[in-house]
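What follows is a set of notes on a single structure, which appears directly below.
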Amino acid sequence: MSAGGPEDAGGSVAKLPFVVKDDTKGMRDLVVAQVPVDKLRANLKSATSALAEVFRDIQAVGQFQLDEVTIGLEVTAEGGIEFLGSLSVGGKAAITLKFTPPGKR
């Protein structure tokens, strides 16, 4: 294993194919990019750690228990993680929280 991350059998850094947006030269085409596994892993760890902190205190609303959280993420060609949403002045992204009544878990 190199300092850059896990290696495949040929000695190069392991990558995964992802379909991503190509924003070069003003184009918005979809392309297949080879995303470095080590960068993707580090960015996913960072994003999920931050989300765990955000939701740490949201366990219940009244008598309803938090059962599930759904958040859309997008992978960039470089292995970055972005929350899905719109790029407007206010910026927004959707988070779905599913609460269940007592005794239904």
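The values are calculated or read from the model by the stated rules, or taken from the named source; none is laboratory data. It should be emphasised that the depicted structure is a prediction, and the values quoted were computed from it without experimental measurement. Here the Cβ positions follow ideal geometry from the backbone for every residue, glycine too, while neighbour counts run over all protein chains shown.
For the range 52-59, state whether one or more residues are at pLDDT below 75 and over 12 Å from the mean Cα position of the chain (by Cα).
no
Assuming L66 fulfils every condition listed in (1) modelled with pLDDT of 85 or more; (2) more than 30 Å from K104 (Cα to Cα) apart from one, which condition is it?
Checking L66 against (1) modelled with pLDDT of 85 or more; (2) more than 30 Å from K104 (Cα to Cα), the one that fails is (2).
Could you tell me whether any residue of the range 85-95 is touching a strand residue (DSSP E or B) at 6+ places or on another chain (Cβ under 7 Å) and at pLDDT 80 or above?
Within the range 85-95, one or more residues are touching a strand residue (DSSP E or B) at 6+ places or on another chain (Cβ under 7 Å) and at pLDDT 80 or above.
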